[in-house]
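Participant: Here it is, the structure, as structure tokens.
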Amino acid sequence: MEAHRTVIIGNANLFTMGGSNRQIEKGGIYAEDGIIKKIDKSAKLQEEYPRARFIDMKNMLVLPGNVMTHTHLYSTFARGMGLKDAPPANFVEILERLWWRLDKALTMEDVYYSALVYLAGCIRCGTTTIIDHHASPGAIDGSLDTIARAVLEAGIRASLCYEITDRGGREEALAGIRENVRFLEKWKDNPHSLLRGAMGFHASFTVSDETFRAALEAAIPLDPVLHIHVEEDLSDRKDSEEKSGMPVLTRLHNLGATRFPILACHCVHLAASEYEILKNNNIYVIHNPSSNMNNAVGVAPVMEMMDNGITVGLGTDGMTPDFFSEMKILPLPHKIKSGDPRTFPFDRLYQMIFLNNPKIADLFWKENGPGYLEEGRFADVIGLDYDPPTPLNAGNILGHILFGITSGMVNTTIVNGQELMRDRRLLHLDEKRIMAKSRELAAQMWTRF
């Protein structure tokens, strides 16, 4: 969908977030072709640009749209599904008894509708950018185009990749490489597109050296970001040490992966020796606390990584499109682990959510991306019906987000200056039809599972 060429998102209680967070009461954003050109008082912008379309935010709290740096759209159809075996007792059993069966059962139509459902949830929750990691071994070729069609219909921003793995044999691994390469070539040079590609891998313990080398060689002309699960569970690290004599990041470094930027998701069980690899290469760690707790894999050493200058972002790993809920969960496991309520102070929370996540998104959208509001960046904003019970200002906004604001307060979602939701009503998606079709397809997939 096309953004209005010129638009003023005005009459807002506006917070820019980012490195120079400002509050502008009765503030506004003037955007051209989805890019912010000026932020000022709303009335002043209307005087200066009288022909711009005016979106009246009616004094709502206005924030940048949330950026989610790791998720799985295809996980949607797992919601409410029963397993055929005893409950998994460890992480590998969770993969074997749930996710590796589910992804194999997906058809191309399932891929499309599972994406649409999740994307509709993103719009409702104020999540305007996602970095997705996909798997559908029974429907590889064209799967990223299918997801892209859903993304364009929904209107949010997304980076997509297919997870390369040797689980299904050599031909399936090569098909995953081809799918990533094809999609990367298609979207690489589109400067203002909603879509970007990456080179996806499942995890070290399911990808051989031969497959890694083939994928990395194919990536050289495209210079992509690599997107991979790293040491989510101790089993991944042990597998790498047993097979190669080194932990996962060391193995990837020795194979040549660190010539590219890497999204290293989870990193719960890092070896001490790997901190230097993280510090000295273009590697970004993605923390997924609710998923890590749900899978009982441990608590990632996030504070230690950030203390070492490592950029750590926040994702949900497919658990939910509700990024506000993940923000609230973020510090809790770390406080419990340390036994110290001072653990994960507000400045670190703010850094991860409103500085690091935009920095990670900029890997794909080249330094004019989403995540905070500033001239030259995308006009991706959300408006919330939040009537603060205590003073609200630039210094305490994070406290209100963590302890007062919920995703149910999101009234309006705007991406590229284009309204996707207003008054909690999705403007471009037929949500009832999508949910009805999703239920039908999910029930069929459950029988195949």
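FYI, it's all coordinate maths here, none of it is from the lab. All figures in this text were calculated on a predicted structure; none of them were measured in a lab. We place every Cβ from the backbone using ideal geometry, glycine too, and count neighbours over all the protein chains shown.
Participant: Residue check, Asn416 against (1) in contact (Cβ under 8 Å) with a residue 60 or more places away in the chain; (2) at negative phi, all met but one. Which one?
Facilitator: (2)
Participant: Evaluate the following for Leu429: is it crowded, with 18+ Cβ neighbours inside 10 Å and more than 25 Å from Val268 (Cα to Cα)?
Facilitator: For Leu429, the condition - crowded, with 18+ Cβ neighbours inside 10 Å and more than 25 Å from Val268 (Cα to Cα) - is met.
Participant: While we're looking at this one, here's another question. I need the full set of residues from the range 421-443 which are closer than 23 Å to Asp110 by Cα and either part of a strand (DSSP E or B) or polar (S, T, N, Q) (or both), in order please.
Facilitator: Correct list: Leu426, Ser438.
Participant: Continuing with the same structure: Take the residues in the range 366-401 that are under 19 Å from the mean Cα position of the chain (by Cα) and surrounded by fewer than 20 Cβ atoms within 10 Å (Cβ to Cβ); name whichever of them is farthest from Glu25 (Cα to Cα).
Facilitator: Only one residue tops the list, namely Lys366.
Participant: Cβ-Cβ distance below 8 Å, separation of 6 or more or different chains: which pairs start in the range 83-100 with a residue that is touching a residue at least 12 places away in the same chain (Cβ under 8 Å) and within 20 Å of Thr206 (Cα to Cα) and end on one that is part of a loop (DSSP other than H, G, I, E, B) and β-branched (Val, Ile, Thr)?
Facilitator: Once the first residue is touching a residue at least 12 places away in the same chain (Cβ under 8 Å) and within 20 Å of Thr206 (Cα to Cα) and sits in the range 83-100, its partners that are part of a loop (DSSP other than H, G, I, E, B) and β-branched (Val, Ile, Thr) give Phe91/Val297.
Participant: Give the range 133-147 a look and list any residue that's under 14 Å from His72 (Cα atoms) and among the small types (Gly, Ala, Ser), or say none.
Facilitator: Ala135, Ser136, Ser143
Participant: Could you pull out the residue among Lys188, Lys243 that is over 30 Å from Asp380 (Cα atoms), surrounded by fewer than 23 Cβ atoms within 10 Å (Cβ to Cβ) and either in contact with a strand residue (DSSP E or B) (Cβ under 9 Å, 6 or more places away or on another chain) or free of Cβ contacts under 8 Å to residues at least 60 places away in the same chain (or both)?
Facilitator: Going through Lys188, Lys243 in turn, just one is over 30 Å from Asp380 (Cα atoms), surrounded by fewer than 23 Cβ atoms within 10 Å (Cβ to Cβ) and either in contact with a strand residue (DSSP E or B) (Cβ under 9 Å, 6 or more places away or on another chain) or free of Cβ contacts under 8 Å to residues at least 60 places away in the same chain (or both): Lys243.
Participant: Considering only residues of the range 246-281 that are among the charged types (D, E, K, R) and surrounded by fewer than 17 Cβ atoms within 10 Å (Cβ to Cβ), which is farthest from the chain's Cα centre (by Cα)?
Facilitator: Selected residue: Glu276.
Participant: For the range 221-232, what are the residues that are in contact (Cβ under 8 Å) with a residue 24 or more places away in the chain and out of contact with any His (no Cβ under 7 Å at 6 or more places or on another chain)?
Facilitator: The answer is Leu222, Asp223, Pro224, Val225, Leu226, Ile228.
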